[in-house]
Amino acid sequence: MATEHTEPGAADEGAPVVRKPTWRYLGPGIVVAATGVGAGDLVSTLLAGSKFGYTLLWAAVLGCLIKIALAEAVGRWHLATGRTLLDGWRSLGPWTTVYFAIYVVTWGFIYGAAAMTSSALPLQALFPGGPDLKYWAIATGLAGLGFVWFNRYAVVEKVMMVLVGLMFVVVVFVAIRVSPHLGDSFAGLLPVLPDGSLLYTLGLVGGVGGTITMAAYGYWINAKGWTDTSWMRMMRFDNRVAYVTTGIFVVAMLIIGAELLHASNVSLTEGGRGLLDLGNILENRFGGFTAKLFLIGFFAASFSSLVGVWHGVSLLFADFVGRIQAVRARTDSAAGSVDAIARGEQERSLPFRGYVLWLTFPPMTLLWLDEPFGLVIAYGVLGAFFMPFLAATLLWLLNTSRTPREWRSGPLSNTVLSVSAVIFLVLCVEQVRELPW
């Protein structure tokens, strides 16, 4: 395998063989991009299109570029240092361990219920005579649990790529079906900020595809078998293809919002139910086939996020627990952790499976009960702080002696990471301000 992708003369004796970028090995980038784009992100993009037409198209493109830079930084850390991101965070001080522990437990509890509900909504719409929504939600959660429990990354990646292909084809088809005005769409590439658009703009730039799952990218490339700098070019190619695909997907959703909702002044419900509103609009305008096709794409987008989180964040949690155990045992597990992920050992570990169970069963209680007020506040605060935390710590890790000099961030990477940190910080402040204190 290595010789097939080797550049002649690229490696001296003792240096890792350089793999050429190839379409055959695409995967981790698609997985992280698909996981980060859920129903809520789709609705926020639709709302931006419905309120401002094509005016904020440039923000969606900028957001795609920022996600490329963030994911590249995560992947570069894993490949250049042979250490996981959690190991890097731990080197910054014990405060990162405390923050992550609180965050990953609280976030997982709330997200589990949200992901199951989001995946259940299109199923209930496709089968209106079927079970109640909460039972569909339980079924999707159990399906995600069983799939991740009994399969390894290679199978997860293949299924995720099928789901991504399905939702991509469906959404692009619907965008073409609504007959976009190409002149208006190209005009939207000029940076303009209409009155009242600042938060929508920041949301498009920083929100779509940006969650804790971006931190999981490094774990997925290790699970793919990419464990050293010989895979650097392949990782960058994989990352760019994935987020360009996501960019096209987001632009297609913006087009749908601009064409179907902006001109007609139609409003959508917040959250995943807004996509059901859009399904009804599509049925009235284009017939039942297009509406059902969109609901299938809606399910693919939601369930791919569920599967991605069940797998990727569980890998993060398994690494987190492993490092705590290593500290208590006064041993250094850093050298073996990346190889353990590549061998699939983390996916069979008790912490991995324990977190998958945590994502599945405790959140089911929220399907019957209103979310506790204090938990909602904690979830909102911690979630708002994660993306600026990620951008800022990547800047720190990739510009110090923790990273080999040749792989430290250059001016372009530092500029984009700094801009993204500022954008995410502003979003963080606004989200905290809007919480129901």
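May I ask you to verify whether Ala2 is at pLDDT below 70, in contact with a strand residue (DSSP E or B) (Cβ under 9 Å, 6 or more places away or on another chain) and of a type in the set (A, V, I, L, M, F, W, C)? In short, yes. Across region 217-264, the number of residues qualifying as modelled with pLDDT of 90 or more, under 15 Å from Ala34 (Cα atoms) and hydroxyl-bearing (Ser, Thr, Tyr) comes to 1. If the condition is being polar (S, T, N, Q) and within 9 Å of Phe299 (Cβ to Cβ), then region 119-131 contributes only Ser119.
Confirm whether Ala137 is surrounded by fewer than 21 Cβ atoms within 10 Å (Cβ to Cβ), farther than 20 Å from Ile256 by Cα and within 23 Å of the chain's Cα centre (by Cα). No; evaluated as a whole, the condition is false for this residue. When you look at Val356, is it at pLDDT 90 or above, touching a Ser or Thr at 6+ places or on another chain (Cβ under 9 Å) and under 30 Å from Val426 (Cβ atoms), yes or no? Against the criterion (at pLDDT 90 or above, touching a Ser or Thr at 6+ places or on another chain (Cβ under 9 Å) and under 30 Å from Val426 (Cβ atoms)), Val356 does not qualify. The single residue among Leu145, Leu166 that is aliphatic (A, V, I, L, M), under 24 Å from Arg285 (Cβ atoms), modelled with pLDDT of 90 or more and buried (at least 17 other Cβ atoms within 10 Å of the Cβ) turns out to be Leu166. The residues of region 400-424 that are in contact (Cβ under 8 Å) with a residue 40 or more places away in the chain, within 22 Å of Thr201 (Cβ to Cβ) and not aliphatic (A, V, I, L, M), listed by number, are Ser420, Phe424. Filtering Leu121, Leu126, Leu182 for residues that are surrounded by fewer than 17 Cβ atoms within 10 Å (Cβ to Cβ) and touching a Lys or Arg at 6+ places or on another chain (Cβ under 8 Å) leaves a single hit, Leu126. Taken together, Leu315, Leu359 contain a single residue that is more than 20 Å from Trp226 (Cα to Cα) and either of a type outside the set (Phe, Trp, Tyr) or buried (at least 24 other Cβ atoms within 10 Å of the Cβ) (or both), which is Leu359. Filtering Thr84, Thr96 for residues that are modelled with pLDDT of 90 or more and either surrounded by fewer than 16 Cβ atoms within 10 Å (Cβ to Cβ) or closer than 24 Å to Lys224 by Cβ (or both) leaves a single hit, Thr84.
One residue stands out in region 15-42 among those that are hydrophobic (A, V, I, L, M, F, W, C) and surrounded by fewer than 23 Cβ atoms within 10 Å (Cβ to Cβ): the one that is farthest from Val192 (Cα to Cα), namely Ala15. Listed by first and then second residue, the pairs with beta-carbon distance under 7 Å, at least 6 apart or on different chains, first residue in region 233-247 and in a helix (DSSP H, G or I), second acidic (Asp, Glu), are Arg236/Glu72; Asn239/Glu72.
Taking the conditions (1) in a helix (DSSP H, G or I); (2) touching a helix residue (DSSP H, G or I) at 6+ places or on another chain (Cβ under 7 Å); (3) modelled with pLDDT of 85 or more in turn, Gly380 satisfies each one other than (3). Based on this model, can you work out whether Ser179 counts as of a type in the set (S, T, N, Q) and part of a loop (DSSP other than H, G, I, E, B)? For Ser179, the condition - of a type in the set (S, T, N, Q) and part of a loop (DSSP other than H, G, I, E, B) - is met. Residues of region 170-197 that are in contact with a helix residue (DSSP H, G or I) (Cβ under 9 Å, 6 or more places away or on another chain), under 24 Å from Leu65 (Cβ atoms) and without any contact (Cβ under 8 Å) to a residue 60 or more places away in the chain: Phe186, Leu193. With respect to the conditions (1) at pLDDT below 95; (2) assigned to a helix (DSSP H, G or I); (3) among the polar types (S, T, N, Q), Thr331 lacks only one, and its number is (2).
Annotation: Val32 fulfils all but one of (1) part of a helix (DSSP H, G or I); (2) closer than 19 Å to Glu157 by Cβ; (3) more than 20 Å from the chain's Cα centre (by Cα); the unmet one is (3). Please indicate, with yes or no, whether at least one residue in region 282-289 is at pLDDT 85 or above and either crowded, with 20+ Cβ neighbours inside 10 Å or touching a His at 6+ places or on another chain (Cβ under 8 Å) (or both). Yes - at least one qualifying residue is present in region 282-289.
The values are calculated or read from the model by the stated rules, or taken from the named source; none is laboratory data. The structure presented is a predicted model; accordingly, all values stated were derived computationally and were not measured. Cβ sites come from the backbone with ideal geometry, for glycine too, and all protein chains shown count toward neighbours.
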